[in-house]
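**Student:** First, the structure itself, so that you have it in front of you.
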Amino acid sequence: MPDIHRFTNKELIQILKEVLAAMEVKGFNFFRIRAYQNAIGAIESLTSSVYDYWQNKRLDEIPGVGEGLSTHLNELFTTGSVKEFQMIKSGLPEGMFSLIGLRSIGAKRAFKLAKHFSLNSRTDAVEKLKSAAENGLIRQMEGFGEKSEKEILNAINDEKMTKNEKPRLLLIKAEEIANRICEYMRRCPDLVDITPLGSLRRRQSTVGDLDLAAVSENTQSVIDFFLKYLEIEEVLVKGDKKAAVVLTNDTQVDLRVSTPKAYGAMVQYGTGNKQHNVLLRTYALEQGKSLSEYGIKYQGKLHEFPDEESFYAFIGLPLIPAELRQGKNEIDLAQKKKLPTLVTLKDIRGDLHTHTIASDGVNTLAEMVMAAKEIGYEYIGIADHAPSIQSRGYEEVVEIIEKQRKAIDAMNSAQKEIKVLLGYEVNILADCTLALPDELLKKLDYVIASVHTAFNQDRENMTERVVKALENPYVTILGHPSGRLINERTPIDVDWHRVFSAALDNNKVLEINGHPSRLDLGEDLVLDAIKRGLKLIVNTDAHDTSGLNYMKYGVDVARRGFCEKKHLINTLPLNELLKEIKLGG
Ligand code: DGT
Ligand code: CA
Ligand code: CA
Ligand code: ZN
């Protein structure tokens, strides 16, 4: 049966945002509004599809999706719409829903404008509002002035979106921008320290806006210094302890400044995520302790904390690593002293997914090996795209593979510090076969099988395709399993349950690809995979020597997926790794 009501996460978020806007306009109670905000936040950071959760009767595992919303989602996926949603939105002008993504226009303003200018259709709402602004009609409305009219016109002209409507930044990009700001801020004489908070500190694969925490005895001086940063285009908020700005590259930056004695509470508050903070607040309230960004109020007194460790200790918990603060079960685990000891970058002993000039890489074999040696790896696997039999012919392909084997043997006899392994990245073709025949795969040290073509196959065929590859005795690793490119290409549509079963039955390893645009498997699937006892490997997919440094982003995903050292085969010493990747089952 075709999945006619298979809404994507993006579509769901849009639906929920519209309901949320309607609730805000109609003045629904705070807790219901909060619940929708939480759910939207949770779905935004999800790397698997909500529809899949629903199909597997696992909606309750999405943090922030409570019983009420589960019922609505059930109705949505079954019938294609939700009666309650329609009711909440009824009586509101349709045009308002086209306006809520624009910066400076919240739900209530969108409603007022849509009502005033009779914006009853989505298609021309923005156009009509623009001409109203140009004709000076907005400033005549109650509650709007010349300034807000100008803001609205600017927002429309520059297509300035609110933070939530912009495409999210890749983690690597967010990190780069934040580092630049922090470097600048360190020149401020009054600054003691500055550190990223929010999704960047939690090492989420994508980041909405940047949040920074600075510590200083003179908070005003730090804010003043920050506001002189050259990349600032627009100041949104300016206080004596906080500021919010938009940079010329359209990134929003929120800065909070605290005195040293209260820094811990502020860092904790601003690290989030929201759902973690909500759950933590509830947990603390049971002990009569009330959390805020300034400290913990207990028995009528505000207690301050210089660091997060003492903050968490005051409510009887060990420090929870930022990556785990997702509003899942981390507080429960912390309370039971059962938090995982997360894998770290230092635990990684090698990288098995790297490319050279033999395929589409930029550096030579020798250069890649040298760079890996400098990182301190015990082993490096070269996994160039397999040469194509179709275009080169069988004989030539055999020759290429033999030549590569010789080159790698020579590298291994020339030095003993790092072991070089011969692999190939072999396409899983649309007809379920692999691009190299078994008798050639057999000659390799290991094989990465990946989907690189025909990404749009339907779920049944795609699942079959991946499962078949996993059943091949000469395949070692499933490369970038979902094929997603963040902000560019959606993941392939497969039944992950069946893929994981096939990997388990055939003793295969799933890759966490650390390339910043891939980060694939995503963290939710990583968590599912280790719960099912699957083995994983973090690789970089480096196409040049500097690409080897992507390992840390892959480790971030592993950590957010609750991985310990034992879950990743490339934390093993060479001899044990070789046993894990031995071909032929
Ligand atoms: P993003 O920017 O979409 O990638 O995600 P975050 O997590 O960085 O979210 P953001 O920038 O809105 O807020 C940063 C942190 O501040 C968030 O993780 C938790 C905290 N925070 C923000 N708003 C609230 C709130 O309403 N309640 C609580 N308890 N914490 C909040
Ligand atoms: Ca943020
Ligand atoms: Ca923020
Ligand atoms: Zn690939």
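The values are calculated or read from the model by the stated rules, or taken from the named source; none is laboratory data. Here the structure is a predicted model, which is why all the values come from computation and not from measurement. Every residue, glycine among them, receives a Cβ derived from its backbone with ideal geometry; neighbour counts consider all protein chains shown. Heads up: the accessible areas ignore ligands, DNA and RNA and are worked out on the full protein's heavy atoms, side chains in. Shrake-Rupley method; radii C 1.70, N 1.55, O 1.52, S 1.80 Å.
**Student:** Can you tell me what share of the DSSP beta bridges in the chain is antiparallel? A percent to the nearest 5 is fine. The partial results should precede the final answer.
**Tutor:** Values: 28 of 60 bridges.
Roughly 45 percent of the beta bridges in the chain run antiparallel, per DSSP.
**Student:** Continuing with this model, one more query. Between Q86 and K338, 0.36 nm times their residue separation minus their Cα-Cα distance comes to what?
**Tutor:** Length gained between Q86 and K338: 86.3 nm.
**Student:** Among 297-303, 311-317, 53-59, what's the highest-first ranking by average C-beta atoms within 10 angstrom per residue?
**Tutor:** Per-residue Cβ counts within 10 Å, averaged per peptide and sorted highest first, yield 311-317, 53-59, 297-303.
**Student:** With an 8 Å Cα cut-off and a minimum separation of 6 or more residues, compute the relative contact order for the chain in percent.
**Tutor:** 10
**Student:** For n ≥ 4 DSSP H runs only, could you compute -39500 (n - 2.57) per run for the chain, divide by its residues and tell me the 222 nm figure to the nearest 500?
**Tutor:** -12500 deg cm²/dmol
**Student:** Can you pull the percent of region 345-580's accessible area that's carbon plus sulfur, 1.4 Å probe, other chains left in place?
**Tutor:** 49
**Student:** Quick one: accessible area per residue over the chain, 1.4 Å probe, rounded to a whole number of Å²?
**Tutor:** 45
**Student:** Now for a separate question. Just how far, in whole angstrom, is region 337-403 from region 528-557 if you go by their alpha carbon centroids?
**Tutor:** A separation of 13 Å, based on Cα centres.
**Student:** Follow-up. Share of antiparallel DSSP beta bridges in region 165-279, in percent to the nearest 5?
**Tutor:** 75
**Student:** While we're looking at this one, here's another question. Tell me the Kirkwood hydrodynamic radius of region 96-157 in angstroms, computed as one over the mean inverse distance between distinct C-alpha pairs.
**Tutor:** Evaluated on region 96-157, it is 11.1 Å.
**Student:** Could you list, bin by bin from short to long, the percent of Cα-Cα pairs of the chain in 20 Å steps?
**Tutor:** So the P(r) values, bin by bin, are 18, 47, 30, 5, 0.
**Student:** Would you please name the trypsin sites (Lys or Arg not before Pro) within region 360-466 that are DSSP coil residues with at most 11 other C-beta atoms within 10 Å of their C-beta?
**Tutor:** For trypsin sites (Lys or Arg not before Pro) across region 360-466 that sit outside H, G, I, E and B with at most 11 neighbouring Cβ atoms in 10 Å, the list reads K416.
**Student:** At what distance in angstrom do the alpha carbon centres of region 191-232 and region 1-51 lie from each other?
**Tutor:** If you average the Cα positions of each part, the centres end up 30 Å apart.
**Student:** Let me ask you something else. Cβ neighbours within 10 Å, averaged per peptide: list 272-283, 199-210 in order, most packed at the top.
**Tutor:** 199-210, 272-283
**Student:** Here is a follow-up. What is the angle, in °, between the Cα long axis of helix 146-157 and the longest principal axis of the Cα atoms in the chain? Nearest 10 is fine, range 0 to 90.
**Tutor:** Its long axis makes an angle of about 20 degrees.
**Student:** Still on this structure, please answer the following. What is the log10 of I(q)/I(0) for region 169-258, computed with the Debye formula using one identical point scatterer on each Cα and no solvent, at q = 0.10, 0.18 Å⁻¹?
**Tutor:** At q = 0.10, 0.18 Å⁻¹ the computed log10 ratios are -0.21, -0.71.
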